[in-house]
1. Going by the conditions given, is I419 open to solvent by 30 Å² or more (accessible area, probe 1.4 Å), β-branched (V, I, T) and part of a strand (DSSP E or B)?
2. Taking interchain pairs and intrachain pairs at least six residues apart, which have beta carbon atoms under 6 angstrom, with the first residue in region 370-398 and within 18 Å of Y181 (Cβ to Cβ) and assigned to a loop (DSSP other than H, G, I, E, B) and the second open to solvent by less than 20 Å² (accessible area, probe 1.4 Å) and hydroxyl-bearing (S, T, Y)?
3. Do you know which residues across region 249-266 are open to solvent by 20 Å² or more (accessible area, probe 1.4 Å) and either over 30 Å from N708 (Cβ atoms) or at pLDDT 95 or above (or both)?
4. For region 322-363, how many residues meet the condition of being in a loop (DSSP other than H, G, I, E, B), hydroxyl-bearing (S, T, Y) and either at pLDDT 95 or above or open to solvent by less than 40 Å² (accessible area, probe 1.4 Å) (or both)?
5. So which of E513, E519 is more than 25 Å from R186 (Cβ to Cβ), of a type outside the set (V, I, T) and touching a helix residue (DSSP H, G or I) at 6+ places or on another chain (Cβ under 9 Å)?
6. Tell me the residue from E158, E183, E149 that is open to solvent by less than 10 Å² (accessible area, probe 1.4 Å) and more than 23 Å from the chain's Cα centre (by Cα), please.
7. Is it the case that W768 is closer than 30 Å to L679 by Cβ and of a type outside the set (S, T, N, Q)?
8. Could you identify the single residue in P684, P695 that is touching a His at 6+ places or on another chain (Cβ under 8 Å) and open to solvent by 20 Å² or more (accessible area, probe 1.4 Å)?
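The values are calculated or read from the model by the stated rules, or taken from the named source; none is laboratory data. Since this is a predicted model, take the numbers as computed values, not measurements. Cβ sites come from the backbone with ideal geometry, for glycine too, and all protein chains shown count toward neighbours. Note: areas computed on protein heavy atoms with side chains; ligands, DNA, RNA excluded. Shrake-Rupley method; radii C 1.70, N 1.55, O 1.52, S 1.80 Å.
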Amino acid sequence: MFMALLHSILAPILGTYFKFQSKRRLPTVEGVLEFYGLQDSVTINRDKWGIPHIQAISDEDLFFAQAIVHCQDRLFQMELNRRVAKGTISEIFGDVGVDTDRLARTLGFHRLGMADIELLEEETRTILESYVKGVNAYINHLDIKKPLEFGLIKYKPENWTLVDLMAISRMITWQMSSGWYSETIRSQLIDAVGEDHAALLDIHYHPENPVELPEGIEFNKIVKGKLKKATGPFLSNAMGSNAWAISKERSATGTPILCNDMHLPLRLPSVWYSNHLRSKDTNVSGVSFPGMPSVVVGHNGKIAWGITLSYNDCEDLFVEKFDTDNPNQYEFKGKMVEAEVLLEIIKVKDGLNQQQKVVITQHGPIISDFIETSEMLALQSRSLQPITTLNGFIRFNKAEGWDDFVRGVQQITAPSLNIMYADSENIGYYNSGEVPIRKKGDGRLPVPGWTGEYEWKGMIPFEEMPHTLNPEKGYLISCNNKIISDDYPHHLGENFMNGFRARRLEHYFAENEKIGFEECKKMQLDYKSEAVALFLEHYQDLEVTDPNPSVVKAFSLLKKFDGVLSPDSVAASLYEVTKHMTVRLLLEPHLGKELTNRYMGEGFHELLLPSNEFSGQDLVVILRLLEEDNWWVTHAGGKEKLLVNGFKRGFEWLMTHFGTDYAKWTWGKIHTLTFDHALSVQPPLDKIFSRGPYPVGGDDTTPNQMGNSPTSYGVTSWAPSWRQIVDLGDISRSMGMYSPGQSGQLASKHYDDLIEPWLQGDYFSLLWTRGQIESNRVAELTLKPRV
């Protein structure tokens, strides 16, 4: 109590001082800066949100300059990213970073990144090297002061290498891959309740929710204004989010529209950085990762693309048999094989160096130390094998049509993504990432590694991966939902998200013959859940009796809830807390609290894997279990008792935490969003660097997705991290939005200036033409070669 009071007193004092110090370190955004390594002058125009529009002659100078603006606004974030990826965060943060470093060293992002360098195409490598040169030019510039955070931790950033950049790319690739952790949860469920009862809790896609490609692989050329079936994937013979593409026939503009809102954990600063890059060979706008060149999602002058995670199962756990006399040897097909053993030294600030023994079998690294198991489990993941993914994104940046796009997708060997496409005539979709074909098994559980029975015998051929061009229905929707129908000949896994967001968006298209910008905005901002009615239909014939009249009134309010999870809705709170408590009443007596948390989506590492494939699946499971007699509901006392007790426990929780007046239990009071800064782990720095909490609506079933972890109603899992709407008929009309702001510098006006517009559902213009850029320019900086 005393410390909390002390922190509340210190925070405003330190905040004022830190802002003063940060202001002295703000970057130069007007005038001239000179750098060694530039070939020609580069112009950087910034708009009122601080978004840079970079104009260079060559690509080398363009991506050199992109590194400069990344460093100006996000250098500390970039430093953290590369240290987490390389497993060296303990060097600057001490003991608190050791567990993260151990995991990163075991998975080997830096080793993988080093190997990937040999797979870079010449153009990609040139771009990456130009970017690294730009980072180092900024770090070594004697007239540039580094951000405040470096002073607080008493650290001066070191020069970057190509391996740093590659390690970051490998870390991101692994974070966006899925499959292995759900195997451990299934095993734990079986251990807890037996195979038959555990099977009732497994992931099964809701039968009434849509699949992304209901007609399978559908490929239609446009010939004289009409669709004509063709053989793909090329037009010529010479390749935790929502996305949709609208054909010109269904678009209110008469030309295709592409929308994307990527759902990721929200931090301060944002994971994304908005920028417009232009040279004689490149003209592309969208969002990038600070610490990496190019645009990840956005548009150029010809095409637009958007991304959602596909949740294909590209990971397996193998139980290895190691020799008790020689712990570095393991069995495979009756023979003993030598494992690769590495000893990683982890330097710890103000502490003793730590050692991490990394053991790698032919399947992958042993990860048993991180998941509390006595078995020796090796992780085989397509994301931990050689990949060519960066080549693919560079190709997207320069693509001139569908064939270039497909060739780019072909290079994205991991992670598995749903990639939406549009140009001025066509809309399309391609599922990226190589998916294994297993000799035996379906990837649901860990399998014996010593028999050779469960090996990967190859990958699904690229041309057989789910894709479509110009589907006859005139639109495409991707919300991490099931990709293709059950008659698809290959196994993609069963880890797709529950599909309720896609179901809601399908209703928009069914109700509107033409979809324009306003409808797209409404869809991206929609708080209506199609799941609510399915859950509450089980309450309609129930009544509660209680001496407290508020209980009866609240129960009546719950039953009448319309499913709009707005921040000011009391019924939304009653629904969410009742659903949550009902699930816990069903599961916790048999699974315990910790396993229940994991089953409801809690990841095994707060930073690198904060959620897992079971996120949101408990809703589908309980809807199914409420429809039939089963062991779970019987042991909860029957359906009626379970539902009424779930409501009453939820009511008690709300009353305990928010008072006796249920009219004040609005969803936004419970369901809040905080933009946490990396230094927020140390009070009172959280009150200085972080922003929030802010009341928000939604949940993981609403198009405007606001996901919370199973241990908190606050938005901790994911939310829309970037929204874009691109008009392929007039790209200058395109718009986007993200938060909290463009800059990671505390004293910058762009540190948090996008939070309120983001909360209000506003958008900013993605300035494209020279006229737009010049008329909206608030600062111009010229970079010149230093000689």
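1. Answer is no for this residue.
2. I371/T184
3. Those that are open to solvent by 20 Å² or more (accessible area, probe 1.4 Å) and either over 30 Å from N708 (Cβ atoms) or at pLDDT 95 or above (or both): E249, R250, A252, T253, G254, T255.
4. Qualifying residue count for the region: 1.
5. Only one candidate qualifies: E519.
6. After ruling out the rest, the residue left standing is E149.
7. Against the criterion (closer than 30 Å to L679 by Cβ and of a type outside the set (S, T, N, Q)), W768 does not qualify.
8. Residue meeting the stated conditions: P695.
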